[in-house]
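What follows is a set of notes on a single structure, which appears directly below.
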Amino acid sequence: MLIKKPADIPSSEITPKSVYMNRRQFITGATVAAGGALAAAYTVSELTEPSTAAEANTKLSAVKSKYDTDEKQTPYKDITNYNNFYEFSTDKYGPAELARNFRTNPWQVKVGGAVGQKKTYDLDSLMKLATLEDRIYRLRCVEGWSMVIPWVGFPFSNLINQVQPTSKAKYVMFTTLWDPGQFPGQRAQVLDWPYTEGLRMDEAMHPLTLLTFGLYGETLPNQDGAPVRIVVPWKYGFKSIKSIVKIDFVGSEPPTAWNKATPNEYGFYSNVNPNVDHPRWSQATERRIGEFLKRKTLMFNGYGDQVASMYNGMDLKKYY
Ligand code: MTE
């Protein structure tokens, strides 16, 4: 997915640590506010991978999900140092450092379009919708690598149910923050900013689709899409849009960042499909980060039992 390298972040734009720390305290407050709904089934210390790099992060209490895979989890250091986040850098090793001082407090997510209840959420009010779960999902990227990540979030359908989409709502469009002052990548036309993504309503309502606030039991590291992102585990990773500020319910297929950039390579559906090659490479195998040998890629990233019925009768070569 590489296009070109953006300029480095100037030191004048580094946010003081106190601001960064305030956001962490804010998240703590939000979690406590939602506390009634959060019966912790196990504590963070029971997770298999310690989060040594995250001393500034806040612990999130969440219940274990029935949707988990029991595959070996990718180490925290890989999940947080090997990232696709083009607003910061097209270099996968760039976002960890460049996102260090990204401001996520205050943060608002505006929800509008074809809904009965237009709403602007701050993180606190978003967290009030929480029925937080730990979800251990595979994330599979088009470039042929995958990870197994213990996300923390809640079903996106919790939000949909609150805003009450009208019968005109057929799709959901997500938009990432536009802020070239903080996102060095947005100062170059690497993509048509801001990054947007979309789902069909049934996909958005599907219980696997997660509004995500954390990983490994802690608030999301900035490079992984703080403070809130979507995770859609049966689709290629680029559908899992980061740092969302806007959600619109719309009547027709919304424009998406990668489809606009190279429509013959990235379709709207982007379901993980080993039978449909990317025009420049095969999608039949993948390398799990941390492993040497490649493994076969599974249809719908292994979530076929749960999601295949949504695509019955569709030609998945045409709707790639
Ligand atoms: N969201 C935004 N706003 N900008 C991006 O560049 N990259 C996507 C997706 N979401 C991206 C984004 C791609 S290509 C992938 S593979 C995943 O985020 C990577 O998520 P991770 O860095 O947490 O592994």
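The values are calculated or read from the model by the stated rules, or taken from the named source; none is laboratory data. This one's a predicted model, so the numbers in the text were calculated from it and none came from an experiment. Please note: Cβ atoms are built from the backbone with ideal geometry, for glycine as well, and neighbour counts cover all protein chains shown. Areas reflect the complete protein model, heavy atoms only, side chains present, ligands, DNA and RNA absent. Shrake-Rupley method; radii C 1.70, N 1.55, O 1.52, S 1.80 Å.
Packing order of peptides 289-295, 89-95, 211-217, highest average first: 211-217, 89-95, 289-295 (average count of other Cβ atoms within 10 Å over each peptide's residues). For LYS235, the amide hydrogen comes within under 5 Å of the amide hydrogens of VAL272, counting only partners 5 or more places away or on other chains and with H modelled in the peptide plane. The equivalent ellipsoid of segment 77-179 has semi-axes of 28, 17, 15 Å, largest first, where each one is the square root of 5 times an eigenvalue of the Cα gyration tensor. Heavy-atom accessible surface of segment 35-311, averaged per residue, reaches 38 Å², computed with a 1.4 Å probe.
In straight-distance terms, cross-link reach from LYS64 covers every one of the lysines whose alpha-carbon lies under 20 Å from its own, apart from those fewer than eight places away in the same chain; here that gives LYS72, LYS128. Its alpha carbons give segment 167-269 an Rg and a Dmax of 13.7, 39 Å. Surface composition of segment 35-311: carbon plus sulfur atoms contribute 52% of the solvent-accessible area (1.4 Å probe, protein chains only, all chains present). With bins 10 Å wide beginning at 0, the percent of Cα pairs of segment 35-311 falling in each bin runs 6, 30, 39, 21, 2, 0. Near LYS246, the amide H atoms lying under 5 Å from its own belong to LYS110, THR175; only residues 5 or more places off or on other chains count, and H is placed 1.01 Å from N. When the inverse distances between all different Cα atoms of segment 105-160 are averaged and flipped, the Kirkwood radius reads 13.6 angstrom.
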